[in-house]
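The values are calculated or read from the model by the stated rules, or taken from the named source; none is laboratory data. Predicted model only: the values in this text are computed from it and were never measured. Backbone-built Cβ (ideal geometry, glycine too); neighbour counts: all protein chains shown. To get the accessible areas, we keep the full protein, side chains included, count just its heavy atoms, and leave off ligands, DNA and RNA. Shrake-Rupley method; radii C 1.70, N 1.55, O 1.52, S 1.80 Å.
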Amino acid sequence: MDTDHVIIFDTTLRDGEQSPGATLNTDEKLEIARQLARLGVDVIEAGFPASSPGDLDAVQRVAREIQGPTICGLARCIKGDIDAAWEGVRDAQKRRIHTFIATSDIHMEHQLRMTRQQVLERAREMVSYARSLCEDIEFSPMDASRSDPEFLYEVLGSAIAAGATTLNIPDTVGYSTPAEFAALIRDIRRHTPGIEKAIISVHCHNDLGMATANSLAAVMEGARQIECTINGLGERAGNAALEEIVMALHTRRAFYGVNTHIVTQELYPSSRMVTGFTGLSVQANKAIVGANAFSHESGIHQDGILKYRQTYEIMDAKMVGLGESNLVLGKHSGRHAFAGKLEQLGYHLEPADLNRAFARFKELADKKKTIVDRDLEAIVADEVFQPEEVYHLLQVQVSAGDRAIPTATVQLEGPGGQTYTDAAHGTGPVDAVYKAINRIVQVQNELIEFSINAVTEGIDAVGEVTIRIQAEADGEGNLPVNPQTGQRTYLFSGHGASTDIIVASGRAYMSALNKLISVRGHTAPAREAENE
Ligand code: KIV
Ligand code: ZN
């Protein structure tokens, strides 16, 4: 099926959410799904409904509320999974079930403990069952790139005969190379019975840094769906990055000869939103959406750019939604100009979110003369792209120095508007703040990553802090051991921004802690609130 349209299948909410620390709640998933629809993706894989009741609920809400893209739910080749996936997507205008089973000897023997014949039979049966529920069925032979090709053609052929409409070829462990993966797609097209009736899709992981290259090599051989994620999130080293795939196809249109339905100007806002909600920031030199992707440092490059932009730029920053505008905001800018600027940057905020962001903007404008795009992005990320707050940081006060014992006092607002104040000392001011917060919230966790970045240059720059905390299943059911995966360790990321880096650190901690508390379920602190 060779058309010039490549279907963009976004799996940020499923494979992307499998990134360690990227847990999203239902409201955040819905917000991201809304943005994906604005971005123009063709398919949203909204989750894996059989994996938890929370995932089923999220998929159902996306299916009911998001118009435009096809909504897809993942399922193993197990009847219960397929039923759950169908429950998840059935209310969508356009819906799809995506079912998978491993076909490599290593997976079949050591993980599934099934023979080739059993896998072949199960795939056929389950695709056929899924097709009895839903018209649009995607089938994936997991670990395809390490599977015996002859067996792969047989399984794929039987999936088509059983009703699969899309065949997805995963490079599950990111092992393949572009030439090898292209050859695999070519051979699948040559040897799979009935292949002309199905769309060939690819799903590449980035373990060797080749996910984008492998996906594009497959397009050259006739693949017409690419599975990818915003910022390249995903299991381990992640999946192919949507923004890289789309901009490669767009910038090198004459070479690839295909197009997508993506509204490229929404790429950068989508990236920022996903960074905000997952707390996983992208490296500065990340293609398309990294902070340095469009900046030029060397004198020769700057000279060239000033003379003729195309000397060193193959894409216009405006194309990805990063355009510099001539509207500079400052202390006297009003709500209207602020809202207009956010719209221009691709942020479409609800009125309540806009009010909070505007209040933060006014606070910042009192401290900083001119507010640039990066400051606004930090404000939006800090105010809007945050988990629901069980505890809110009201105040932080620290005393520190080379001759002082770092000490912090914090005040939090907890459930029901109760306020709590406590103090602690630590090895440094951030440690003291975290310990004071812990004394109030009393939820066991360990800080495993802390990073700080200035979003602009200058002494008055806003500092953005990103952290990750880890919590263990506690055996008392507060943080359960996942019955399906046996998972005992949970990672939560958080981010915060402020011109005061201690405050930014406190906010980042509250953001991660609030995620942990929502998963764990909340019990009020065993201590008195001040306003009781
Ligand atoms: O990487 C993989 O093989 C997957 C499948 C479920 C498609 O994520
Ligand atoms: Zn995957």
* Over the stretch 299-383, consider all pairs of different Cα atoms and compute the Kirkwood hydrodynamic radius from their mean reciprocal separation; express it in Å, one decimal. => 14.3
* Gain upon complete extension [Met319, Glu388; 0.36 nm per residue less C-alpha separation] -> 21.6 nm
* To do: Output the relative contact order of the chain, whole-number percent, from Cα pairs under 8 angstrom with separation of 6+ residues.
  => 11
* To do: Leaving ligands, DNA and RNA out of it, rank Asp27, Asp187 by accessible area with a 1.4 Å probe, largest first.
  => Asp27, Asp187
* **Extension gain, Ile405 back to His301 (0.36 nm per residue minus Cα-Cα distance, nm)** => 32.6 nm
* Given the protein chains as shown and a 1.4 Å probe, how many square angstrom of Met114 are accessible, to the nearest 10? -> 40
* Whenever you get a sec, line up Val465, Val481 from highest to lowest accessible area (probe 1.4 Å, protein heavy atoms). => Val481, Val465
* Using a cut-off of 10 Å between beta-carbons, work out the net charge of the residues near Ala461 (Lys and Arg +1, Asp and Glu -1, Ala461 not included). => -2
* Asked: Can you give the extra length, in nm with one decimal, that the chain gains between Ile452 and Ala291 once fully stretched, where that is 0.36 nm per residue apart less the Cα-Cα distance?
  -> 56.5 nm
* Can you give the charge dipole size of the stretch 392-531 about its Cα centre, rounded to the nearest 20 debye, using +1 on the beta carbon of Lys and Arg and -1 on the beta carbon of Asp and Glu? -> 280
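For Glu17, what is the net charge nearby, where nearby means another residue's Cβ is under 13 Å from its Cβ and Lys, Arg count +1, Asp, Glu -1?
-3
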* Asked: How big is the stretch 392-531 by Rg and Dmax over its Cα atoms, in Å?
  -> 15.9, 52
* Structure fact -> Expected field for Glu31, accessible surface area in Å² at 1.4 Å probe radius, rounded to 10, holds 50
* To do: Can you check what the net charge comes to around Glu389, using other residues whose Cβ is under 14 Å from the Cβ of Glu389 (Lys, Arg +1; Asp, Glu -1)?
  => -4
* To do: List the residues whose amide H sits under 5 Å from the amide H of Phe48, counting only those 5 or more places along or on another chain, with H placed 1.01 Å from N in the peptide plane.
  => Leu74
* Using a 1.4 Å probe and counting only protein heavy atoms, arrange His392, His336 so the residue with the most accessible area comes first. => His336, His392
* Averaged over all directions, how much area does the convex hull of the C-alpha atoms of the stretch 7-278 cover when projected, in nm²? -> 12.4
* **Pairwise label distance in nanometres, Thr251 with Val263, each label 7 Å out on the Cα-Cβ vector** => 2.3
* Asked: Given H placed on each backbone N at 1.01 Å, which residues far from Glu449 in sequence or on other chains put an amide H within less than 5 Å of it?
  -> Arg468
* **Charge dipole magnitude, Cβ of K and R +1, D and E -1 - the chain, Cα centre, debye nearest 20** => 580
* Evaluate the chain: find the radius of gyration of its Cα atoms, find its Kirkwood radius, and give the ratio Rg to Rh. => 1.00
* To do: Report the accessible area of Glu363, computed with a 1.4 Å probe over the heavy atoms of all protein chains in place, in Å² rounded to the nearest 10.
  => 100
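State the antiparallel share, in %, of DSSP beta bridges confined to the chain, rounding to the nearest 5.
50
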* Going from the alpha-carbon gyration tensor of the stretch 147-295, what semi-axes, largest first and in whole Å, does one get by taking the root of 5 times each eigenvalue? -> 29, 16, 14
* Asked: Once the Cβ-Cβ distance between Asn478 and Arg309 is put in as r, and R0 is 56 Å, what FRET efficiency do you end up with, to the nearest 0.05?
  -> 0.50
* **Between the stretch 99-125 and the stretch 35-98, the Cα center-to-center distance that results, in Å** => 24
* **Farthest toward positive dipole pole in the stretch 392-531 [+1 Lys/Arg, -1 Asp/Glu at C-beta], among Tyr490, Gly416, Thr456** => Tyr490
